[in-house]
């Protein structure tokens, strides 16, 4: 039995023609285990003029000794009329379906499969590998519903280039014959097991990808996250799309998918990729993921504004009297747009945006100006984490792909996260994590009492729980400076904005930690500071901040709440 990718076809997918299902079953059941077969194989490369170009084949068959075969499937009765112009050269191909409806084929099936074959050859040649890739390549067209000789065939078509319904019961034999007819007596390099593995990596990538577990805080070794079937299916679907919106709950793997998509576009498709987000801290963490891929540029949006303006010789100094909100929302993006006009060679093939819900509508204008014609654009977002008052407004309208499996939090943490999720689909969100420890909640009357509580929590976590201080993150509503906690020692650990020592624990605002995660999170500083009521932090809904902050915790969560917290919020933490 052949190794099939995917292992089976979705019986409810009406987009898969009956003819392809028939061929899929025959290839699976008749070919032996040395064959690999890819259904609806897609790839993305560059054309003769270096433009982005889609590649697709109904089936690609690989064998370590025989090579690679590209197959095109055409169902129904088939006929060719040589004296009718088909718009693709002399002659017109027709198919007749089971309802006796006649359809003109938009493409000559033999030209189509030949183009797909050469596109695949070019794509494989682009992959940096040692040695020559002069494998044996061939192509054929299968007419599974034709049970007789076609009365007329184009002169360019050889009998070994097509297979019909009479061959379906002995399809394995005919596939080998087609292989051999293309190879002839010409000596070629066998595909080999390495070539088969290369084909699998190109047409059906691995189900594992590097995780940003704990945002690399205290992690010295690489971590791996096994994708859910939902994420794996989505990655395959995204390979077919130039533009896509991907939404999901916190912890559903949006950032991990954004990283993996950017990596594949740069590594496999040789594209210049821009990966951007709102959060500077997240951008710093993501940048580490691409040390080996210089074709991926990682920058948060405002850092990108600064970088391009400096490169173009345009000032980014804040004008006297300008409010911070205006500077970041309008002035910097305008300077970026002016810079792009001076940098005509600074263009990207693909744009990947994480935290898309926090991008203002006007920011998409300079981002689009940075792209080549007909680019790849993927936007990942969670509308429940939107920390601006304006509604989500993206540069294109598409039906979003929805991720509803929480892959980050324990069941105990996920239960509380759902309480703060305002989307009506909250009931359908599930979590795949373990049950986890009980979420700890403590209340206090005053700021002084909160300081004592925080010190006790940190001491217990590190001394009794033996938790590495670098695996703990203290997240706050207000800046740690305003709370008097920055560089302060509490419970034997030192709270720092940039932890460096073994006793350092990260302490930062919830907003600045969006998109990140930590094994242990302590939420503190959630009460209202009267002297800071005009700060940006004070204007954000506490419910929204709690949703973001709680969902950052992977394994354990501790929450310090003021006793005057509203009943609706306190209820979410009651068992």
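Among 161, 322, 271, 336, what is the fewest-to-most ranking by other Cβ atoms within 10 Å? Write out the running numbers ahead of the final one.
On the way: 161 19, 322 12, 271 23, 336 26.
The fewest-first ordering by Cβ neighbours comes to 322, 161, 271, 336.
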task: State, as an integer percentage, the relative contact order of the chain based on alpha-carbon contacts under 8 Å between residues 6 or more apart.
output: 11
query: In whole angstrom, and with the biggest value first, how far do the Cα coordinates of the stretch 263-359 range along each principal axis?
result: 48, 28, 21
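Stretched out fully, how many nm does the piece from residue 13 to residue 312 gain, at 0.36 nm a residue minus the Cα gap? Could the numbers behind the result be given before it?
Details: separation 299, 0.36 × 299 = 107.64 nm, distance 5.02 nm.
Gain on extension, residue 13 to residue 312, equals 102.6 nm.
Efficiency by 1/(1 + (r/R0)^6): what FRET value for residue 334 and residue 498, r their Cβ-Cβ distance, R0 = 25 Å, to the nearest 0.05? Walk me through the intermediate numbers first.
Working: r = 31 Å, r/R0 = 1.23.
Efficiency for this residue pair is about 0.20.
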field: Ordering of 546-556, 493-503 by packing [mean C-beta count within 10 Å, highest first]
entry: 546-556, 493-503
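What FRET efficiency comes out for the pair residue 464/residue 543, r = Cβ-Cβ distance, R0 = 25 Å, nearest 0.05?
Numbers: r = 32 Å, r/R0 = 1.27.
That pair, residue 464 with residue 543, gives E of 0.20.
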query: Could you give the length gained on full extension between residue 563 and residue 528, defined as 0.36 nm per residue of separation minus the Cα-Cα distance, in nm?
result: 11.4 nm
task: Would you mind getting me the FRET efficiency between residue 170 and residue 33? Use the beta-carbon distance for r and R0 = 22 Å, nearest 0.05.
output: 0.75
task: With log10 I(q)/I(0) by the Debye sum over Cα atoms at q = 0.05, 0.10 Å⁻¹ in mind, check [x] -0.29, -0.93; [y] -0.22, -0.84; [z] -0.39, -1.00 and report the label derived from this structure.
output: [x]
Cα extents of the stretch 329-422 along the three principal axes, largest first (Å): 52, 26, 22
- prompt: Which order do 143, 80, 380 fall in if you start with the one that has the fewest other Cβ atoms within 10 Å?
  reply: 80, 143, 380
field: MRE, 222 nm, helices only [DSSP H, n ≥ 4, -39500 (n - 2.57), over the chain, to nearest 500]
entry: -8500 deg cm²/dmol
message: P(r) for the stretch 3-203, please, calculated from all Cα pair distances in 5 Å bins and given in %.
response: 1, 7, 15, 19, 20, 17, 12, 6, 2, 0, 0
- request: Express in nm, to one decimal, how much length is gained between residue 159 and residue 368 on full extension, taking 0.36 nm for each residue of separation and deducting their alpha carbon distance.
  value: 70.3 nm
query: Put a dot 7 Å past each Cα toward the Cβ at residue 449 and residue 200; how far apart are the dots in nm?
result: 6.1
message: For a protection proxy built on the mean count of beta-carbon atoms within 10 angstrom, sort 274-285, 436-447 highest first, please.
response: 274-285, 436-447
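Coordinate-derived values only; no laboratory data. As the structure is a computational prediction, the values presented were derived from the model and not from experiment. Cβ: placed from backbone, ideal geometry, glycine included. Neighbour counts: every protein chain shown.
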